[in-house]
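Everything on this sheet refers to the single structure shown next.
Rule-based calculations on the coordinates, nothing more; no lab input. As the structure is a prediction and not an experimental result, all values here were calculated from the model. Note: ideal-geometry Cβ built from the backbone for every residue, glycine included; neighbour counts use all protein chains shown.
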Number of protein chains: 2
Amino acid sequence: MTQSAMSAAEQDFRALLKEMALLENAISLLDWDGHTYMPSAEGTQRAELVGYFNQRHFQLETGSKMTALLNLFEADGSLLTVDGQAIYRRVKRNYERTAKLPEAEFVAYTKLLSQAQNVWLSARKHQQFAEFLPYLKQIVTAKKRFISYWKTDEATAYDVLLDQFEPGMTVAKLDPLFSELQSGIERINAEIVRPGQQPNDQFMHRYVDQTTQHHLSEAIVQELGFDFTKGSLDISMHPFTIGMNRNDVRITTRYDDHDFQMSLLGSIHEAGHALYEQNVVAKWDNTPLAGGTSMGIHESQSLFNEVFLGRNPAFWQHTYPRFRELTGEIFSDIDLDTFVRGFNVTRPSLIRTEADPLTYPLHIIIRYELEKAIFNEDLDLDELPMLWAKKYQQYLGITPDNDVEGVLQDIHWAGGDMGYFPSYALGHLYAGQIFHAMQEELDVETLLANGDFQPLIDWRVQRIHQFGGSKEPNDLILAATGEPLSAKYWLAYQRTVYERVYQY
Amino acid sequence: MTQSAMSAAEQDFRALLKEMALLENAISLLDWDGHTYMPSAEGTQRAELVGYFNQRHFQLETGSKMTALLNLFEADGSLLTVDGQAIYRRVKRNYERTAKLPEAEFVAYTKLLSQAQNVWLSARKHQQFAEFLPYLKQIVTAKKRFISYWKTDEATAYDVLLDQFEPGMTVAKLDPLFSELQSGIERINAEIVRPGQQPNDQFMHRYVDQTTQHHLSEAIVQELGFDFTKGSLDISMHPFTIGMNRNDVRITTRYDDHDFQMSLLGSIHEAGHALYEQNVVAKWDNTPLAGGTSMGIHESQSLFNEVFLGRNPAFWQHTYPRFRELTGEIFSDIDLDTFVRGFNVTRPSLIRTEADPLTYPLHIIIRYELEKAIFNEDLDLDELPMLWAKKYQQYLGITPDNDVEGVLQDIHWAGGDMGYFPSYALGHLYAGQIFHAMQEELDVETLLANGDFQPLIDWRVQRIHQFGGSKEPNDLILAATGEPLSAKYWLAYQRTVYERVYQY
C-alpha cells in the first residue's frame, strides 16, 4: 500500500497523532517558557495549564479511539503503509506502557513525584538524605509495582527500566560493556594521566563578559550546523534542549563570568541534541518518530558535539584564532597548545555534571550499580549514602563531604527516572563509535582543522539524524557504523587525547 | 445566594469558563512567543497550533453545554451569585456576537482576513492601495452582512462596531465629543504652539546604547508599579502587552540607538496596560472579567502612564537625575527645563503611531469620519486615498506622498478591526479626566516631583484596575471621576503643558 492510498483507518490514526503532537508542542513551549522567561508569580496557574494539556493528551493517548485503532492494526497490519507500521510500533509501545498502569496508581504516583521533588530540594538545603529517604522508598515501591505490570519473563526488573530509555538494553549487555569501559578508563589514568604532567588551566578562569560568551556560543554552534531559523539560544539556570518540532528546537545555556568553558561547551552540547531534532525527515512530522530514537542515541549526538568536536585539538586549530578575535586581549598570551591542554584537563570530582569526559562514565557506573542493586537485589535504601561514598572512594579516589555532594546531587530519582543514567555513558560510547566510523570515510582531522564542518554535519544527518525514531538504537548504530556497540573506539580516542594533553 | 452556596449550574459554568481561560492563556503565550523568540521557520506549524486551540475555544464558547447553561440562567437568574451574574452578562454578550454568525460565513471571513493581511503587506511594499482595495471591499461587505445579524433598530450600522470595542459608545455620543476635541486642539495650536518658539529637541537623537535604554525602561516602569514578579519586558518589532492572567502580564518594547524616547515612552505606555491587568482582583480569575472592560479604558491606562506621567514635567523633576546617572555623560549639558521641553515638542506628522499627544487625536478623528462614512453612508472605497489626503491637509496641514504614509499605514482594516480607532482617542480623554479627578484628591504634582508614586498607583488600582471587566466603561468612569466623559480635562491639561513648553 502506498502513501497515496492510505487507508481511512490510518488517516484517522495520523489525525489523532497530530492532535497529540500539537498538544506536546504546546506543553514543550510552556516548559521552555517556564525555564526562561516566565515571571515567578505565574507558577500555580502554569501548573494548572500544563496539567490540563497533559490530561487531554493522556485521554487521546489511551482513549477508546486510540484503543480501537491499535486493535484494528494488530488484527490487520495491511491497513497500514510501511511508514504507518513504523509509527504504529512506537505508538503501541508507548500505549502499553501507559495503558497497563491502573489510572489511580498512576495519578497517586504523579502526585508523589511532585512532592518528592520539593522534598529533594529541601533535603539538599539541609544536606540531609534522611529527609528525602521516605519519599525515595515510596517511589521505589511504586516503581517496583509498575515493573510487575510491565515485566515479561525474560527480563530482569531493572531491564524493564533500562528498556524504557534505551530500547533493547539489558543488564546482560551493560555489565560487560561497563566493565570494559571502567577498566579502560583505569588504564588511561594509570598509564597516561597519573605519570603525566598536569597542564596549566588557570587561564580558563579569566573573566570573559557574558555578551562575549554569548557571541562565542552563537558563532560556534552555528558553524557546527545549528540552524537559527529553526531554533534559538537563550539563558536558563540549567542548560537544556526542547524541540517543539524540527522547525523549532530551542537550546539554552548559562553564563559564569569566570568560566567561559561552561557556557561554550554547554551550548555546543545542547546544539548536538538540537541538530538531531532539526534534521529528522519531514515524513515523521507530527508522529512520535519525529524525535530521537532513544536517550542514549540522543545523548550521543550532544556528546559527539561536545567531546569529539568541541574538545578536539583539531577543531581548535581552526577555531582558536576566531576565539581570540572575539575575546580581544584576554587570551593573547595563551598559545594554541596551551589552550587545548587547559581545555582537556582531567581530575576526579564529586559532581557528575561537572566531570570531564574521562571520569564522567565512572559517575554513571556507580549509579548503574546502585540502581541495579535496588531493583534486582532489593538493596536497603538506607545504605545508599554509605555505598555511594564507598564506590566514589573506590572508583574515583575521593569521598563526598555531605549528601549534596553525594547521593542527593541528581534530580533523577526524585523524578522517578530510574534506569536513565546509563544513557549518558551509552551516549559517550555511541559517539565514540560514530566518530570512528566517520574517520574511516572522511579525513576528519583535516576537515576540522580547516573549519570545513559541512561534510561532518552531513554524515551525521545521513547516518543518524534523518531517521528520527524510526530505527531502534541497535539497528541504527549497526547500520551507521557497521558493528554493534563496543567501548573500544571511545577508549582509543580518549587515549590519544590524553596522551597529547599529559605526555608532552 | 452567597459564593459558598454556589449552584451546581454556576459551578459548571465556572468550570467551562476556566477551561476557556486556560486555552486563552496558551493562545496568548503562543502569540507572545510568535512576536519575541519564535524561530522564523516555525510559522506554519505555529499557525496550525493556534488554529487548533482557537477551534477548541470556539467549540466551548458556542457549544451545546454553554448554550444550555446560558438558557438556564436567562430563565432563572437566581441560579447565579451576584458575581456570577456579572460574569454571565459579559459571557452572554460575547456568545451572542459569535453565535449569531453563520459558521460558514465566519470561517470564510477568517480566511479572508488572513489573506488580506498578507496582501496589505504586499500593497505596502508596492505603495499601492489599489492592490489592497479588492480585499478591503470584501471585508467591508462581510462586515456589513455581520452587522445585519447583530443590529438592533436603534443603532446605526457603525454604532454596532463601536459598541464591540467600547460598550455603549455611539455616533451620537462621539460626534459632539470629537468635535469639542478637534476645536480645542486647534485653539491650543493657534494660541500657544504656532505663536510660540519651537524648543530644541536635537539632543533627543543622541546615541544611547540599547543596554542602557533597557535599564532605563526597566527601572522606570518598575517605579511606576509594573511588577516584574508578574511580568517581563522583552523586545519585539512592534511594542505590545499580552496578559495571560494577572500573574503573567508581559510587555515589549523596541530600541533605536538614536531615539531613546521611543523605547522609554513605549515601555511606560505598555506598562500602563500591564498595570491594569496585574491588578484586577483575584475573584475574576479565569473569567472574561479578568481583563480590562473596554479598549478605550485599557488605552486610558497606557496613555495615563505615557502622557500624564511619562511626559509630565513634574515626573522628570524626580526622574531626570536618575536618567542622567544611568546615561553617563550623554546629557550632561542638557538641563531639566531643556530636557522637558524637548520631550514635549509637537508638530504635525503623517504617521499615527509616531504622532505626539496633541496631534494624535486628529489622526483618529480622520479615521473615525472615514469609517462612519463607510458604514453609515456607503462611501465608495475607491475614494479613500483621496479623502484621506484631503482630511490630512485640512486637519494637520500636510499631505502624504504615497499610500504607505497614508491610507495603508494601519493594519486595523486588513484585520477587520473597524470601529477600533476611536478607542485610542477615548483613551486620551478618559486618561485626562482620570488625571483631573486624581488631582482633586491628591497633590499629584508634589508626589510626582518627590518620586512618591505609590499613592498614584493605589488610586488607579482602587478606582479602575481592581474592577477588571465587571463595570461598563460609562459606569466605571462615572464612579471614578464623578461625571460622564468629557474632553475638557484633557484639553485643559494639554494647554498647561504646551504653555510651559512653547511660551517661555
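Tell me, what is the percent relative contact order of chain A, built from C-alpha pairs under 8 Å that lie six or more residues apart?
Relative contact order, chain A: 20 percent.
Please give the helix A:64-75 orientation as an angle from the longest Cα principal axis of chain A, in degrees from 0 to 90, rounded to the nearest 10.
Approximately 90 degrees, to the nearest ten.
Please report the orientation-averaged projected area of region A:370-504, defined via the convex hull of its C-alpha atoms, in nm².
Result: 11.8 nm².
Between rounded, prolate and oblate, where does region B:138-278 land on the alpha carbon gyration tensor, with a ≥ b ≥ c its root eigenvalues, rounded for a/c under 1.5, else prolate if a/b exceeds b/c?
oblate
Have a look at A:Phe308, B:Val50, B:Gly451 and report the one farthest towards the positive end of the charge dipole of the protein assembly as shown, computed about the Cα centre with Cβ charges (Lys/Arg +1, Asp/Glu -1).
Of the options given, the answer is B:Val50.
With axes computed from alpha carbons, what is the tilt in degrees of helix A:360-376 against the longest principal axis of chain A, rounded to the nearest 10 within 0 to 90?
30
Which net charge results when you count Lys and Arg as +1 and Asp and Glu as -1 among the other residues whose beta-carbon is under 10 Å from that of A:Ser267?
Within the 10 Å Cβ shell, the charges total -2.
Quick check: the distance between the Cα centres of region B:378-399 and region A:166-220, to the nearest angstrom?
First find each Cα centre; the distance between them is then 71 Å.
How would you classify region A:438-504 from its alpha-carbon gyration tensor, with a ≥ b ≥ c the square roots of the eigenvalues: rounded for a/c under 1.5, else prolate if a/b is greater than b/c, otherwise oblate?
Taking the square roots of the gyration eigenvalues as a ≥ b ≥ c, region A:438-504 is oblate.
For the peptides B:40-48, B:464-472, A:424-432, A:26-34, what is the packing order when you average, over each peptide's residues, the other Cβ atoms within 10 Å and list the highest mean first?
A:424-432, B:464-472, A:26-34, B:40-48
So which chymotrypsin sites (Phe, Trp or Tyr not before Pro) in region A:269-359 pass both tests, a DSSP loop state and at most 11 other Cβ atoms within 10 Å of the Cβ?
Those that pass, being in a loop and sparsely packed, number zero.
When only DSSP loop residues count, what trypsin sites (Lys or Arg not before Pro) in region A:137-209 have their Cβ near at most 16 other Cβ atoms within 10 Å? Write out the running numbers ahead of the final one.
On the way: sites: A:Lys137, A:Lys143, A:Lys144, A:Arg145, A:Lys151, A:Lys173, A:Arg187, A:Arg206; in loops: A:Lys151, A:Arg206.
In loop regions of region A:137-209 (DSSP not H, G, I, E or B), the sparsely surrounded trypsin sites (Lys or Arg not before Pro) are A:Lys151, A:Arg206.
Once you list every other residue whose beta carbon is under 13 Å from the beta carbon of A:Arg347, what net charge do they have if Lys and Arg are +1 and Asp and Glu are -1?
Charge balance near A:Arg347 sits at -2.
Sticking to Cα atoms, compute the Rg of the protein assembly as shown to one decimal and its Dmax as the biggest Cα-Cα distance, whole number, in Å.
Gyration radius and largest Cα-Cα distance of the protein assembly as shown: 32.6, 97 Å.
Based on Cβ point charges of +1 for Lys and Arg and -1 for Asp and Glu, what charge dipole magnitude is obtained for region B:1-99 about its Cα centre, in debye rounded to the nearest 20?
On the way: 10 positive and 13 negative charges, 38 e Å.
Charge dipole, region B:1-99, about its Cα centre: 180 debye, nearest 20.
Mind pulling up the Rg/Rh value for region A:8-100? Radius of gyration and Kirkwood radius, both on Cα.
Taking Rh as the inverse mean 1/r over Cα pairs, Rg/Rh reads 1.09.
Kindly provide the chymotrypsin sites (Phe, Trp or Tyr not before Pro) of region A:161-236 that DSSP labels as loop, not H, G, I, E or B, and whose Cβ sees at most 14 other Cβ atoms within 10 Å.
Hits after loop and neighbour filter: A:Tyr207.
Mind jotting down the distance between the C-alpha centroids of region A:313-361 and region B:411-475, whole Å?
57
For chain A, what is the Kirkwood estimate of the hydrodynamic radius, computed as the reciprocal of the mean inverse distance between distinct Cα atoms, to one decimal in Å?
Final number for the Kirkwood radius of chain A is 24.2 Å.
What does the net charge come to around B:Ala130 if you take all other residues with beta carbon closer than 15 Å to its beta carbon, with K and R at +1 and D and E at -1?
Working: positive: B:Arg124, B:Lys125, B:Lys137; negative: B:Glu131, B:Asp380, B:Asp382, B:Glu383, B:Asp403.
Net charge in that neighbourhood comes out at -2.
Per DSSP H run of n ≥ 4, the term is -39500 (n - 2.57); total these for chain B, divide by its residue number, and report the mean residue ellipticity at 222 nm rounded to 500 deg cm²/dmol. Don't skip to the answer; put the middle values down first.
Working: 20 runs with 305 residues, N = 504.
Rounded to the nearest 500, the figure is -20000 deg cm²/dmol.
How far is helix B:313-326 tilted off the main Cα axis of chain B, in degrees rounded to 10, range 0 to 90?
Approximately 80 degrees, to the nearest 10.
On the rotation axis linking copies A and B, which residue of A comes nearest by its Cβ, and by how many whole Å?
So the closest residue, with its distance, comes out as A:Ala26, 3.
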